[in-house]
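Peer 1: I'd like to ask you about the structure that follows.
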Amino acid sequence: MFGPEGTVSKYNFDFKWILIGIIVLYLLVFQVFPLLFLTYRAFFNEGYFSLDGFRRVYSHPLNWIAIRNTLVTSSLATVFGVLISFPLAFLVGRTNMIGKKFFRIVFVMTYMVPPYLGAMAWMRLLNPRVGTLNVFLQNLLGLEAAPFNIYTVIGVTWVITTFYYPFAFITISRAMEKMDPSLEEAARISGSSPLRTLRTVTLPLMAPSIVAAALLVFVAAASCFGIPAIVGIPGRVHTVTTRILDLVFVGNIQGLDDGATLAVFLMVISVFVLYISTFVIGKRQYITVSGKSTRPNIVDLGKWRWPIFIFICALTFIIVFLPFITVGLTSITVNLGRDLSLDNITFRYWERIFTRRAIVSSTRNSIIAATTAATAGIGISITMAYLLMRTTTKGRRIPDFLITVGGGMPSVVIALGLIMSMSGRFTINIYNTLYIIIVAYMIKYTLMGMRTVVSSMSQIHPSLEEASQISGASWLRTTKNILIPLIAPSVVAGWFLIFMPSFYELSMSTLLQAPLSRTIGYELYTYQTYHSQQTASALATAILLLVIAVNAILYKITKGEFSI
């Protein structure tokens with residue numbers, strides 16, 4: 001069985017299988033099993049196979065309205081998001097637009113912050129009775145009624161679009177920058193105008209990226225909870241995510257089972273999108289990157305340069321800066337029904353977020369949970385990056401696929417699966433503890449860290465490590481002296497990419513919270529909904545400032561390669 005030097009001769013055992021096995025075991029226990037059990041409960045909630053639960057849930061008028069609203073808002077947000085993102089990506093990546101570098105950063109700022117911050121801002125701006133922007137437009141134009149009402153399907157769609165279009169912008173802009181410019185050059189040489197080249201060459205080549213971007217926006221919009229909860233519920237615009245929480249908070253087994261049954265709708269959407277992205281779009285070969293230089297052609301905007309710049313400035317102010325300013329000003333306003341003046345300004349709400357025991361405790365829980373999830377998640381990410389990029393070990397794609405599934409699964413589905421399976425029924429009982437929140441964060445956000453580290457390691461040629469080992473360095477020394485220093489910036493970026501969304505996460509935290517494990521996201525939501533909008537705005541502004549500060553640090557550390 002063993003060779004002369006004690007090596008295995010009959011069975012070629014690879015230590016890397018242990019690493020893969022540990023990661024797969026963790027994913028099977030805390031991700032795959034909860035999701036399968038959730039599905040099982042939807043079909044077997046009476047102890048035997050039955051569709052009665054589906055008939056009861058999907059025949060309820062309010063649930064049908066929620067499904068319709070979810071499909072409408074997600075579809076409209078997808079269309080508007082792509083329509084906004086493609087021109088912006090083209091202007092930033094393919095033209096001589098003024099301030100391209102600045103706008104490239106600004107366009108993704110709403111991606112960096114929690115979406116419920118936007119919901120709070122636009123509710124303050126477009127409230128049909130006292131909305132700041134509505135009142136301003138009424139006085140300016142002499143209108144008798146408010147021109148906008150945020151508490152509608154269109155209102156929810158608008159907020160979702162403004163905070164999820166960066167998903168499409170990032171995907172499209174990266175693909176556009178890597179596209180082979182010779183294809184467009186050939187079209188221009190053949191006499192095509194810039195507009196015709198865009199229509200006949202650029203758009204067809206960008207089709208896979210546009211579809212992938214649209215799918216990303218659709219899934220994110222469909223699984224969104226914060227925006228519909230803050231903007232939709234006051235106007236009775238229910239979505240699937242808000243209805244799931246309503247059913248779960250009924251507090252009995254049937255409510256939990258009904259929530260699981262309704263969650264199957266989101267699961268089906270996520271699995272379908274994952275299948276399309278991986279096995280349909282992923283297998284279509286579009287040669288957009290060649291071995292030559294991929295520096296894109298720059299289109300001269302000519303006389304339209306300044307008008308476009310002015311228009312983009314106005315659009316940026318409305319979509320990005322106006323909501324942030326609104327939330328900041330709300331946090332220092334005494335009476336929200338009065339105009340902002342010196343006698344209507346106070347900082348007591350800022351003092352409250354640093355002194356109130358519940359907020360301090362929730363902040364501490366968020367820091368602990370986010371730090372633990374980020375550290376464990378980046379450990380898994382580094383291991384997976386090495387297995388994927390530096391080995392040919394069989395089975396390494398299994399945990400990669402499972403992590404991808406977890407990252408693409410709606411947050412409320414992950415939380416609901418953990419509630420149903422991790423409450424002691426199957427030995428493990430972490431329900432009503434901070435541990436279950438940490439596990440949920442890891443399942444949802446490890447993918448973000450893993451993709452960052454994998455991307456960085458894929459750009460490091462193995463010859464560097466081979467040269468070190470040929471020179472006599474051990475594998476451990478080579479990893480310590482060569483590989484780790486080169487991927488360190490991406491590891492730091494990946495850690496923060498897991499930490500920040502975990503820190504301000506809302507939907508999973510709301511479902512999984514307990515009196516001793518409440519987080520800052522849940523605390524902010526309760527203050528906004530039930531207590532004090534000013535205190536909620538102070539919390540949101542503090543989170544926004546933290547995100548901007550962390551993003552600036554990341555930008556400097558990674559020299560602009562990675563950011564939140």
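Where a number appears in this text, it was derived from the coordinates with a stated rule and is not lab data. These numbers were taken from a predicted model, which means no experiment stands behind them. For neighbour counting, all protein chains shown are included, and Cβ atoms are generated from backbone atoms with ideal geometry for every residue, glycine included.
Peer 1: Amide H to amide H under 5 Å from V299: which residues, 5+ apart in sequence or cross-chain, H placed 1.01 Å off N in plane?
Peer 2: For V299, whose amide H was placed from the backbone, the distant partners under 5 Å are T95, N96.
Peer 1: Taking 8 Å as the Cα distance limit and 6 or more residues as the minimum spacing, I'd like the relative contact order of the stretch 226-270 as a percentage.
Peer 2: 28
Peer 1: Short version: ³J(HN,Hα) in whole Hz for each residue of the stretch 51-67, in order, from phi by Karplus 6.51 cos²θ - 1.76 cosθ + 1.60 (θ = phi - 60°), x for Gly and Pro, what are they?
Peer 2: Working through the residues one at a time gives 9, 4, x, 5, 5, 5, 6, 7, 9, 6, x, 5, 5, 5, 4, 4, 5 Hz.
Peer 1: If you don't mind, there's one more thing I want to ask. Can you compute the FRET efficiency between F317 and D52 using 1/(1 + (r/R0)^6), with r the Cβ-Cβ distance and R0 = 51 Å? Round to the nearest 0.05.
Peer 2: Numbers: r = 53 Å, r/R0 = 1.04.
With a Förster radius of 51 Å, E is 0.45.
Peer 1: Here is a follow-up. For the pair L36 and A514, what calculated FRET efficiency results from E = 1/(1 + (r/R0)^6), where r is the Cβ-Cβ distance and R0 = 30 Å, to the nearest 0.05?
Peer 2: The value I calculate is 0.75.
Peer 1: With a bin width of 10 angstrom, please list the P(r) values of the chain as percents of all Cα-Cα pairs, from the 0 bin to the one holding the largest distance.
Peer 2: 3, 15, 26, 26, 18, 9, 3, 1, 0, 0
Peer 1: Under the rule that an exposed site lies in a DSSP loop and has at most 14 other Cβ atoms within 10 Å, name the longest stretch of the chain with no GluC sites (Glu not before Pro) of that kind, not counting the sites themselves.
Peer 2: On the way: sites that count: E5, E46, E144.
It works out to 145-564.
Peer 1: Past 21 Å, Cα to Cα, is the threshold; run K16/K480; K100/K444; K100/K303 against it and keep the listed order. Display every interim value, and only then the final one.
Peer 2: Details: K16/K480 18 Å; K100/K444 32 Å; K100/K303 17 Å.
Result: K100/K444 exceed 21 Å.
Peer 1: Tell me whether the stretch 323-447 comes out rounded, prolate or oblate; compute the Cα gyration tensor, take square roots of the eigenvalues as a ≥ b ≥ c, and use a/c under 1.5 as the rounded threshold.
Peer 2: In terms of gyration-tensor shape, prolate.
Peer 1: For T346, what residues show an amide H to amide H distance below 5 Å, using hydrogens built from the backbone and excluding near sequence neighbours?
Peer 2: Under 5 Å from the amide H of T346: T333, V334.
Peer 1: Just to be sure I understand the model, the point goes 7 Å from the Cα along the line to the Cβ. What's the resulting F347 to A467 distance in nm?
Peer 2: With each label placed 7 Å out from Cα toward Cβ, I get 5.5 nm.
Peer 1: Please state the relative contact order of the stretch 473-564 as a whole percent: Cα pairs under 8 Å, 6+ residues apart?
Peer 2: In percent, rounded to a whole number, it is 29.
Peer 1: Please compute the length gained on full extension between Y275 and Y530, using 0.36 nm multiplied by the number of residues separating them and subtracting their Cα-Cα distance.
Peer 2: 87.8 nm
Peer 1: From the phi of every residue in the stretch 517-526, what ³J(HN,Hα) in whole Hz does the Karplus formula 6.51 cos²θ - 1.76 cosθ + 1.60 yield, where θ is phi - 60° and glycine or proline is x?
Peer 2: 10, 6, 10, 5, x, 5, 4, 4, 4, 5
Peer 1: Still on this model: Counting only C-alpha contacts under 8 Å and six or more residues apart, can you give the relative contact order of the chain as a whole percent? Don't skip to the answer; put the middle values down first.
Peer 2: Values: 781 pairs, mean separation 107.2, N = 564.
Once normalised by length, the contact order is 19 percent.
Peer 1: Let me ask you something else. Rounded, prolate or oblate: which fits the stretch 416-564 when a ≥ b ≥ c are the square roots of the eigenvalues of the alpha-carbon gyration tensor, with rounded for a/c under 1.5 and prolate only if a/b beats b/c? Display every interim value, and only then the final one.
Peer 2: Details: a/c = 3.99, a/b = 1.70, b/c = 2.35.
Oblate, since a/c reaches 1.5 and b/c is not below a/b.
Peer 1: At a Förster distance of 56 Å, what's the computed FRET efficiency of R236 paired with I105, Cβ-Cβ distance as r, to 0.05?
Peer 2: Computed FRET efficiency for R236 and I105 comes out at 0.90.
Peer 1: At 7 Å along the Cα-to-beta-carbon direction for both V334 and F43, put a label point, then send me their distance in nm to one decimal.
Peer 2: 6.3
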